[in-house]
Structure formats: C-alpha cells, structure tokens
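Scroll down for the structure; my scribbles are underneath it.
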Amino acid sequence: MNLKHQTLGEFVIENQTAFHNSTGEFSKLLNGIGLATKLVNHEINKAGLVDILGGVGDINVQGEAQQKLDLVANDMFIDTLTKREIVCGIASEEEESFISINSLDFQNKNKYVLLIDPLDGSSNIDVNVSVGTIFSIYRRVTPEGSPVKLEDFLQKGSEQVAAGYVIYGSSTMLVFSTGHGVNGFTLNPAIGTFYLSHPNMQQPEDGEIYTVNEGNRDFFTDGMKKYIRYCQAGNDDKSPYKARYVGSLVADFHRNLIKGGIYMYPCSAMDPKGKLRLLYECNPMAFLAKQAGGGESDGKQSVLDIKPTELHQRVPFFTGSKNMVKKLESFLEGE
Ligand code: P6P
C-alpha cells in the first residue's frame, strides 16, 4: 500500500470548504456513510460462511433465520446515520415511506436528506458476484427544525449535493462526487481505512462495451432492437462491441466508467416504465456520470431533469460514454 495515498477522512477535511458552505455536517455525513459501508462490507464478506459456520454471530441464540442482507444493509445505514444525527430524513428502497429523523432535542437542525438503495443486485450475493450500495444526498427544502416532508425527497436529480456508490467486489470501493468531479476510494480491510485510489475519474467519451439484458430483447422497442444490432455489427467503420452484463448496476456502471461503454435498462412490454428507480438508482448514477464527463438519459432527456412524483417511481435508464448515449438516443428518436 502506497501510504502517500490520502485517506477518506483527510480528503473530506481537505475539501470541506468546497462542500456547499459545509458547517462540518456534510463532512460528518460522508464519514458516516464510510463507516456504514465498512459494516455492510463485513456482513457481505462472511455471508457465504453463515450457513457453513453458523455461529459467526449472524444466527442469534433463538436460531432465528439470518436476515436477508438487503435488510441488514438497510438497518446498518439507517442506524449509523440516525445515531450520529447527521441527516433529518432517509428514504430507502427497503422502506415503503421515508423516515423522519428527529434529533434528541426534537429540533432537528440537520440540513440533509439521504436516499439509498442499501444493497443493489443482492440476488448476486449467492453466486459471489459484485453487489453495491447507491446513495443520493439533497439539502432539505422545508424549514429546518420541522419534520421532513415528502417534498424534501421528491427533488430533481439536478438538485443533488452529492451522490455515490459502494462496490463490494474483488475490492471494496467508495466512489462519490460532491459536484466537483468523481473520486474513488479503495478500502484496506486490514486496517478499515479507505484510501484515494482513483482521483478525478473521467469516463471515456467512446467505448466498445454494451450492457443490456438481451434476454428481454423481444420485448424492446424497434429502436432499441436496432441499436443492439448496431452494437453487434462489424464493418469498415466499427468493430462489433463486446457484450458485458453482470446484472448488478453498480458493477456494470463501474466497469463502463473506467473502460468506456453504455449501460441500458430500457422500457419494454414487460416493464413499460423501465425497471430502475429514479430517486436512488438512476439520479445518483446520472449525477456521477455527468461529473465524470459521461452521458445519461431516459432515452429522451436527462433523468436529472425529471420532476419526481413518487418515491419509488421507475424510469428507463441509459448511462455511459457520452457519444454512445447520443448514438443510442438517435436510434430511439420519435419513439
Ligand atoms: P435484470 C438489480 O436487481 C438491478 O436493480 C440492477 O442492479 C441491475 O442492473 C438490474 O436490476 C438487473 O435486472 O432484469 O436484468 O435481472
């Protein structure tokens, strides 16, 4: 390990002044997310052992069934951020409605709300494939000190003050942006410290990887079907693209962010509105893509411009190398 690398804590302190006139609350929030990430990472890494070893602290004395890791991750993020009184509200994929967090003195002065997909792609855990956490942070719009309202969460993605993801893969990485570029931190599990390993991440403008569940192809629109054939075509101007699909948004997004490529989850006859959730999957990833010089869209417009109407609403979502997203949109025009 090159000890010259900055730690997450040092990075947050050094950049604190840039964090939206932060009073230190924002820095506490980022560090709180870092802590919750380490707790979840620990649970994920031993998930495969629970059934084998049993008593690794995950099956309680009553022999109750091990909670699904989605809920474990959900509880860990909510507990960590509640106890540290860092946010005034949380919305989660695992919670039907938002959670209002009143600080001990019940005059909640915290400015930020968090939206989170605690464990995206969790069905992959059983087969030891990378999974992720996705988070999105807004400044509340209702008066400080009052309980949060739904409108604090139903903000356009363009209003995000920060967004990021954690990828629990061959290594665990925290990748986030506060509106000043994208930075990636890799966890050294031996000492539980995140180190700045990928400063100022930039998505290649072009790529040769297309990412879509082709099992749904017969249910796609004609424009989408034509674009897939375009990706597969080889001619004087272009070689066939590589098909890469993990089935875990964070893993697919992270690979395409580094290598170039396009991730697509279109609407279809089976998912007329698309599958991915606008507030805690698409908006945070779109924010990151844009900050890294990439592109993002619902096929017609930036998802960051969509005015949300409900917490768990779904949209078609495309994100990746800027020129690939533009090319895809040209195939979907008029649909
Ligand atoms: P499908 C995981 O459930 C997820 O939300 C994303 O992480 C992933 O890209 C997508 O759904 C996979 O969906 O329908 O291809 O299994």
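Bear in mind that the values in this text are calculations on the coordinates, not laboratory data. Given the structure is predicted, the values throughout are model-derived calculations rather than measurements. Glycine gets a Cβ as well: all are built from the backbone with ideal geometry, and neighbour counts include every protein chain shown.
Each of F220, F317 was scored by other Cβ atoms within 10 Å of its Cβ. Listed from fewest to most, they are F220, F317.
Amide hydrogen proximity for L154: with H placed 1.01 Å from N in the peptide plane, no residue at 5 or more positions away or on another chain lies under 5 Å. Each label point was placed 7 Å from the Cα along the Cα-to-Cβ direction; for K300 and E205 their separation is 2.8 nm. Once backbone amide H atoms are built at 1.01 Å from N, T193 has N188 as its partners under 5 Å, excluding neighbours fewer than 5 places away on the same chain.
Would you mind pulling out the separation of the Cα centroids of the range 140-155 and the range 238-267, in Å? The distance from the Cα centre of the range 140-155 to that of the range 238-267 comes to 35 Å.
Within the shell defined by Cβ-Cβ distances under 12 Å, the residues around V315 carry a net charge of 0, with Lys and Arg each +1 and Asp and Glu each -1. Only helices enter the 222 nm calculation for the chain: every DSSP H run of n ≥ 4 contributes -39,500 (n - 2.57), and dividing by all residues gives -8500 deg cm²/dmol, rounded to 500.
The aspartates and glutamates whose alpha-carbon is closer than 17 Å to the alpha-carbon of K327, local same-chain residues fewer than 8 away aside, are E205, D206, E208, D222, D237, E296, D298, E335. Rounded to the nearest 20, the Cβ-based charge dipole of the chain about its Cα centre (Lys and Arg +1, Asp and Glu -1) stands at 720 debye. Once the C-beta distance of K83 and F219 is scaled by a Förster radius of 45 Å, the resulting FRET efficiency is 0.50 to the nearest 0.05. Here the range 209-332 is assigned +1 on the Cβ of each Lys and Arg and -1 on the Cβ of each Asp and Glu. Its dipole about the Cα centre then comes out at about 180 debye. Taking amide H positions as modeled 1.01 Å from N, with prolines and chain starts lacking one, the residues under 5 Å from K242 and 5 or more places away or on another chain are I209, Y210. Note on A269/L150: beta-carbon distance plugged into 1/(1 + (r/R0)^6) with R0 of 25 Å gives a FRET efficiency of 0.20. Among I116, I90, a tally of other beta-carbon atoms within 10 Å of each Cβ gives an order, fewest to most, of I90, I116. Distance between the modelled labels on V141 and S158, one decimal in nanometres: 1.3 nm (7 Å Cα→Cβ projection). The ranking of F11, F26 from fewest to most other beta carbons within 10 Å of each one's beta carbon is F11, F26. Extension gain for the segment E333 to E10, taken as residue separation times 0.36 nm less the Cα-Cα distance, is 111.7 nm to one decimal. Scalar couplings 3J(HN,Hα) for the range 131-138, obtained by applying the Karplus form with A = 6.51, B = -1.76, C = 1.60 to θ = phi - 60°, are 10, x, 10, 10, 9, 9, 10, 10 Hz; x denotes Gly and Pro.
Over 25 Å between Cα atoms, which of K149/K326; K273/K300; K38/K275; K46/K290 qualify? Check vs 25 Å cut-off fails for K149/K326; K38/K275; K46/K290. Charging the Cβ of each Asp and Glu at -1 and of each Lys and Arg at +1, and nothing else, the dipole of the range 150-248 about its Cα centre rounds to 280 debye. Each residue of the range 226-231 was assigned a 3J(HN,Hα) from its phi angle through the Karplus curve 6.51 cos²θ - 1.76 cosθ + 1.60 (θ = phi - 60°); the sequence is 5, 5, 5, 5, 4, 4 Hz, with glycine and proline shown as x. Computed from label points 7 Å out along Cα-Cβ, the spacing between T309 and R229 is 3.4 nm.
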